[in-house]
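Below: the structure, in structure tokens.
Where a number appears in this text, it was derived from the coordinates with a stated rule and is not lab data. This one's a predicted model, so the numbers in the text were calculated from it and none came from an experiment. Reconstructed Cβ throughout: ideal geometry from the backbone, glycine too, with neighbour counts over all protein chains shown.
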Amino acid sequence: MSQIKMPAVPLAAPPGESSADRIGPHALRADYAETAEVVRQRIRQQGLRGWDLVCVVDGDGRLLGTLTASELLALPDATALGTVAARDGPTVLPGADQELMASIALHHHVAVMPVVDEAGRLVGVVGPTTLMDILRREHVEDLHRLAGITRESDHARQAIEEPPLRRARHRLPWLVVGLGGSMVATFIVTRFESALAVKPAIAFFVPGLVYLADAIGTQSEAVAVRGLSLSHLGLNRLIGGELRTGILIGMVLALLAFPMVWLVFDELRLAAAVTLALAAASIVASTLGLLLPWLLARFKFDPAYGSGPLATIVQDVLSLLIYFACVSVIVL
């Protein structure tokens, strides 16, 4: 069996959310020397129900391979299970985070996930219903966090039915951070008040530039926020890939924007400043969208908190700085 390595930046499983905590009565143990006829007879005699996977083990309880119920039923009577059990299926350690376990099961197209200890001994299995429940709960939790909502409960219905005061308490912390950042963004704009008065066209491109940077950053965050917990690549390779992606996106958007700005405003320098700022902001936003969740994970925070209001305001401030820097050098 192939034991899955833990990610480079693991999420420590909170109490009650490890793979060992989700083990259920979904496994049927069978000795590697037992035949299909013997196991099927044992199932009938003992009235065994509710199992989803046959786990073939050796004398020390080490997992050698697995069989599904349909595979067991199709075997000839005299077939020894140890000779036909699938040995390349994924397994996880008891301390693996439940979301990581469910993601591995989904990636490998398996409905049941065996849990083994460091020595390869079978601890138990997590069944399909439990895996589906984990994925649903984690999805709802991530949606809350992507919106900057902190919650003590994972029940989605309560998030919309609870009293307004409690709803506000769950949402405000990250929005207060965003308010502080918006004050910084406002200060940046006020520093260019005289330039905006002389050439108002400079202000026309601020909303579009900020929006595009936010959109690019959100795309990177959506990829990174859960991918970081599963990827085995080093940070340098991840950032390098996202940096190249940002460069490609920025170049395409800049090439599309340049002729439109030039034709509409008939100002070559303004078009150059806008397109240069757009390309630079795209690169920064895509890289930041990956780097910020990674930094939060390194400091033992769930990387989902790297999205939402926090990342948005950081990207907005940087986009404004980049834009006005380009305008100051090229236009003014």
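Points to keep in mind about this one:
- Note on Leu81, Leu93, Leu278, Leu67: ascending count of other Cβ atoms within 10 Å places them as Leu93, Leu67, Leu81, Leu278, the fewest first.
- Alpha-carbon Rg/Rh ratio, for region 2-137, with Rh computed the Kirkwood way: 0.98
- 17 Å cut-off, amide nitrogen to a point 7 angstrom out along Arg237 Cα→Cβ, residues in region 185-221: none
- Counting neighbouring Cβ atoms within 10 Å and putting the fewest first, the residues Ser70, Ser220 line up as Ser70, Ser220.
- The fewest-to-most ranking of Thr190, Thr35, Thr91 by surrounding Cβ atoms within 10 Å reads Thr190, Thr35, Thr91.
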